[in-house]
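Some notes on the structure that comes next.
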Amino acid sequence: MSKLWGGRFTKETNQLVEQFTASISFDQRLAKEDIIGSLAHVQMLAECNIITEEDADTIKSGLQSLQKKISEGALDFHVEHEDIHMNIEKYLIDEIGPVGGKLHTGRSRNDQVATDMHLYLRERTVEFIELIEAVQAALLAQAKDNIDTILPGYTHLQRAQPISFAHHLLAYFWMFERDKERLYDSQKRINVLPLGAGALAGTTFPIDRDRVADLLQFDSVYANSIDAVSDRDFIVEFLSIASITMTHISRLSEELVIWSSQEFGFIELDDSFCTGSSIMPQKKNPDVPELLRAKTGRTYGNLIGLLTVLKGLPLAYNKDMQEDKEGMFDTVETLEGSLKLLAPMIETMMVNRQTMRKAVTEDYSNATDLADYLVTKGLPFREAHEITGRIVLYAIKNQQYLLEVRIEEYKRFSSLFEDDIYEILAPEHVMNARNSLGGTATSQVKKQIVKADSILNQHD
């Protein structure tokens, strides 16, 4: 079958080359965007008297007919037409005749595909902001229910200090808030129109790029035609934001896996988000958070893949840039699925408050407060730290926790100890003593919740 660009060639394309270079197997996802961009382009062509109003109306009618067929799944795309642009143009010519060939006046596939991807990511970023907010809402709901729930806080995966479970969950709320901010900011780079740049140097036709930008609701147009067709920074930026977001998802997933283990027992995931074993009937496996951890690698790989494709490319367009799409689509699909699963999994998880409370009474995570107590009595912190370390060692050797050490024993280490030490070492006091801004004290956590509520409500 003759190619739409075949005039200069004397031989048919080798079938292996055709299959190897075709992108229709994946860029057909841009069909909606391709038609949206074409409708704006043809309207501008008519307004600039580059084509007649009659031809423009015929082309628009044909595009709208194809749009309907695509939405109904009634069109098959073919490898011999290479990509989504050529497939749609071929169908358009079949639909309305040779006048369909006028659609490509004043543009190239180079600026056309760039426009499609700008349109595609503009819509996806809005969707991802909404999905992230659903995760934030789930975290906030659990935080509100667990302001006074105490669990061990960890550093180096060793118990460090008692904290509010709400405080721990809200740490993820703020991570995801930064992800949202990055997505919002990226829209400034996404919402720039490349259409009208042509293959690389612009066009001889008197087009109005600003009019197309207005029709497609872009904030601006690329100032340089070479940059317009060769820029993939906006995709790299999206892949980077997605990778950071998946990092946060993975960190939270890791904790869900750990917390739901029998050794911790801090939470139990809902049965609908777990699976069983084919051989061990007692098993309840946290497969969803495990897969969320693993899928992070896909997004990292897609980011590195595109950076590698771009790193040595001369200006302007090169066929290498066809490799920008599969990774982008895969990351969109991966991030979308991950966020959609994460929100309800957090909403439905059961918090084992008594298990958490027991954990902070059977460890030495209140040792810092023992040292701080001595400091309030006038002892330099380094001396207080030394004495506390010796008390902890003594307690471990005697199989005691700090609340179980008798006052007489405390006084052997320092005469500064009084009976009020037991109040100071109680988990609730330890948690609420950290009342500095952003700390884990109940009053501070409540302030965080008010702020988090305000953030979510302003986008409702």
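Taking the criterion of being farther than 19 Å from Thr440 by Cα and in a helix (DSSP H, G or I), the residues of segment 372-387 that qualify are Leu374, Val375, Thr376, Phe381, Arg382, Glu383, Ala384, His385, Glu386, Ile387.
Residues of segment 363-372 include none that is out of contact with any Asp or Glu (no Cβ under 8 Å at 6 or more places or on another chain), of a type in the set (Ser, Thr, Tyr) and more than 30 Å from Phe264 (Cβ to Cβ).
Residues of segment 331-345 include at least one that is over 22 Å from Asp270 (Cβ atoms) and acidic (Asp, Glu).
Sub-7 Å Cβ pairs linking a first residue in segment 318-338 that is under 15 Å from Asp83 (Cα atoms) to a second residue that is of a type in the set (Gly, Ala, Ser), at least 6 apart or interchain, are Gln322/Ser23; Lys325/Ser23, ordered by first then second residue. Collect the residues in segment 185-233 that are within 27 Å of Leu339 (Cβ to Cβ) and in a helix (DSSP H, G or I), keeping them in residue-number order. If the condition is that a residue be within 27 Å of Leu339 (Cβ to Cβ) and in a helix (DSSP H, G or I), then Asp185, Ser186, Gln187, Lys188, Arg189, Ile190, Asp233 are the ones that fit. Kindly check whether there is at least one residue in segment 311-318 that is assigned to a helix (DSSP H, G or I) and at negative phi. Scanning segment 311-318, I find no residue that is assigned to a helix (DSSP H, G or I) and at negative phi, so the answer is no. Of Arg159, Arg178, Arg182, all but one fail to be in a helix (DSSP H, G or I) and either surrounded by 15 or more Cβ atoms within 10 Å (Cβ to Cβ) or modelled with pLDDT under 95 (or both); the exception is Arg182.
Applying the criterion of being farther than 12 Å from Gly37 by Cα and among the hydrophobic types (A, V, I, L, M, F, W, C) to the residues of segment 205-219, the residue that is farthest from the chain's Cα centre (by Cα) is Phe205. Assess whether Leu39 counts as being modelled with pLDDT of 90 or more and surrounded by 20 or more Cβ atoms within 10 Å (Cβ to Cβ). Answer is no for this residue. Here Thr58 fulfils each of the conditions (1) surrounded by 15 or more Cβ atoms within 10 Å (Cβ to Cβ); (2) within 11 Å of Ile35 (Cα to Cα) apart from (2).
Does at least one position in segment 277-285 carry a residue that is modelled with pLDDT of 95 or more and either in contact with a strand residue (DSSP E or B) (Cβ under 7 Å, 6 or more places away or on another chain) or under 25 Å from His168 (Cβ atoms) (or both)? Please lay out each step first, then the result.
In the first step, residues of segment 277-285 are kept if they are modelled with pLDDT of 95 or more; the result is none.
So far as segment 277-285 goes, no, none of its residues is modelled with pLDDT of 95 or more and either in contact with a strand residue (DSSP E or B) (Cβ under 7 Å, 6 or more places away or on another chain) or under 25 Å from His168 (Cβ atoms) (or both).
In the set Ser220, Ser278, only one residue is among the polar types (S, T, N, Q), closer than 30 Å to Asp111 by Cβ and surrounded by fewer than 17 Cβ atoms within 10 Å (Cβ to Cβ); that residue is Ser220.
Here is the figure for segment 333-354: residues that are surrounded by fewer than 21 Cβ atoms within 10 Å (Cβ to Cβ) and either closer than 26 Å to Val135 by Cβ or in contact with a strand residue (DSSP E or B) (Cβ under 7 Å, 6 or more places away or on another chain) (or both) total 15.
Counting only helices (runs of 4 or more DSSP H) that fall entirely inside segment 24-82 and contain at least 3 residues that are aliphatic (A, V, I, L, M), the qualifying elements are 31-47, 53-71.
Here segment 391-434 is the region considered, the condition is being polar (S, T, N, Q) and within 22 Å of Leu379 (Cβ to Cβ), and the residue that is surrounded by the most Cβ atoms within 10 Å (Cβ to Cβ) is Ser414.
Within segment 70-85, being closer than 14 Å to Lys32 by Cα and surrounded by 14 or more Cβ atoms within 10 Å (Cβ to Cβ) holds for Ile70, Leu75, Phe77, Asp83, Ile84, His85.
The values are calculated or read from the model by the stated rules, or taken from the named source; none is laboratory data. All figures in this text were calculated on a predicted structure; none of them were measured in a lab. Glycine gets a Cβ as well: all are built from the backbone with ideal geometry, and neighbour counts include every protein chain shown.
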